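This report refers to the structure that appears directly beneath it.
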Amino acid sequence: MKTIYHKADSRGHANHGWLNSYHTFSFAGYQNRERSNFGVLRVLNDDTVSQGMGFGTHPHKNMEIISIPLEGNLEHKDSMGTTAVIRKGEIQVMSAGTGVMHSEYNQNKDEAVKFLQIWVFPREENVEPRYDQKSIKDGEKINGFQQILSPDKNDDGVWIHQDAWFNLANFTKGNSENYTFHKKGNGVYAFVLKGSAKVGDRILNEKDGLGIWDTQSFNIEAVENTEILLMEVPMDLPAYLK
């Protein structure tokens, strides 16, 4: 088993006043050659957007973009005609494909919104742009894995154009579970949302990340009540990026 550890305070950081953002991988003004991506996982941003502020209309192309609110809610608008509000307990995906314009705003006047923005390289270029959003509240599991994203349109959660599976793991102190990979050649990037846990042989605290690959499974044990996002993705980049 191979691993790579990213401590929370080693992430890139940009505070623009209205936006406070932590970057696990190279993004915008934070560029680190050793932290460009984890397989096809290209971006993992931990964002806080102030009241009444947001990202103006901007373009994306050939990227699977996933948003997961942690606190508050976020308004989304795009050139496909979508207007939606994404709330804690939901997940959003936008396949940018041939190209799409979108904006994201915190329309709340009394609270900031905190969310993860995740980018994944699709397996192929120039797919038709699409938007999807689902509640993940009803499927919440304690001391187990809740699948929130996969490559299958008919599976639990949202789907993307990539052989990727995302799971939320909620464990109470002392509980443990083995995670088994869905596909050979994939890796898992584990990101602790709350609490602390032993993942493999490493203790991870809040907002720490650990990449794991070249194994069929690994164990997670909660040191305290813990919530972890597990992002299983192919480790090889698609042919169009090589």
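The values are calculated or read from the model by the stated rules, or taken from the named source; none is laboratory data. What you see is a predicted model, and the numbers here were worked out from it, not measured in a lab. Cβ placement follows ideal geometry from the backbone for every residue including glycine, while neighbour counts extend to all protein chains displayed. For accessibility, only protein heavy atoms count, side chains too; no ligands or nucleic acids. Shrake-Rupley method; radii C 1.70, N 1.55, O 1.52, S 1.80 Å.
Any residue at all in region 123-144 that's at pLDDT 95 or above, within 30 Å of residue 180 (Cβ to Cβ) and surrounded by 20 or more Cβ atoms within 10 Å (Cβ to Cβ)? The answer is no; no qualifying residue exists.
Here is the figure for region 180-195: residues that are surrounded by fewer than 22 Cβ atoms within 10 Å (Cβ to Cβ) and more than 24 Å from residue 88 (Cα to Cα) total 7. Only a single item in (1) modelled with pLDDT of 95 or more; (2) open to solvent by 60 Å² or more (accessible area, probe 1.4 Å) is not met by residue 174, and it is number (2). Among the residues of region 35-50, is any of a type outside the set (Asp, Glu), touching a Gly at 6+ places or on another chain (Cβ under 7 Å) and in a loop (DSSP other than H, G, I, E, B)? Yes, that holds for at least one residue.
So, in region 89-100, exactly how many residues are buried (at least 16 other Cβ atoms within 10 Å of the Cβ) and not in a strand (DSSP E or B)?
Here the count works out to 2.
Restricting attention to region 141-198, the residues being assigned to a loop (DSSP other than H, G, I, E, B) and under 13 Å from the mean Cα position of the chain (by Cα) number 2. Cβ-Cβ under 8 Å, sequence separation 6+ or interchain: first residue in region 178-199 and on the phi < 0 side of the Ramachandran plot, partner hydroxyl-bearing (Ser, Thr, Tyr) and part of a loop (DSSP other than H, G, I, E, B). Which pairs? Close Cβ pairs satisfying both conditions: 181/215; 191/24.
For region 56-67, the set of residues classified as surrounded by fewer than 17 Cβ atoms within 10 Å (Cβ to Cβ) and assigned to a strand (DSSP E or B) consists of 56, 57, 58, 59, listed by residue number.
Put simply, of 222, 239 the only residue that is among the hydrophobic types (A, V, I, L, M, F, W, C), under 23 Å from residue 91 (Cβ atoms) and either buried (at least 20 other Cβ atoms within 10 Å of the Cβ) or over 20 Å from the mean Cα position of the chain (by Cα) (or both) is 222. Any residue at all in region 196-218 that is open to solvent by less than 60 Å² (accessible area, probe 1.4 Å) and over 25 Å from residue 46 (Cβ atoms)? Yes - at least one qualifying residue is present in region 196-218. Within region 111-137, restricting attention to residues that are in a strand (DSSP E or B) and of a type in the set (A, V, I, L, M, F, W, C), the residue that is farthest from residue 92 (Cα to Cα) is 113.
How about region 101-118: which of its residues are more than 16 Å from residue 148 (Cβ to Cβ) and surrounded by 20 or more Cβ atoms within 10 Å (Cβ to Cβ)? It would help to see each step written out before you state the result.
Here is the first cut: in region 101-118, the ones more than 16 Å from residue 148 (Cβ to Cβ) are 101-114.
Those that are more than 16 Å from residue 148 (Cβ to Cβ) and surrounded by 20 or more Cβ atoms within 10 Å (Cβ to Cβ): 102, 104, 106, 113.
Only residues that are among the basic types (Lys, Arg) and open to solvent by 40 Å² or more (accessible area, probe 1.4 Å) were counted in region 17-45, giving 2.
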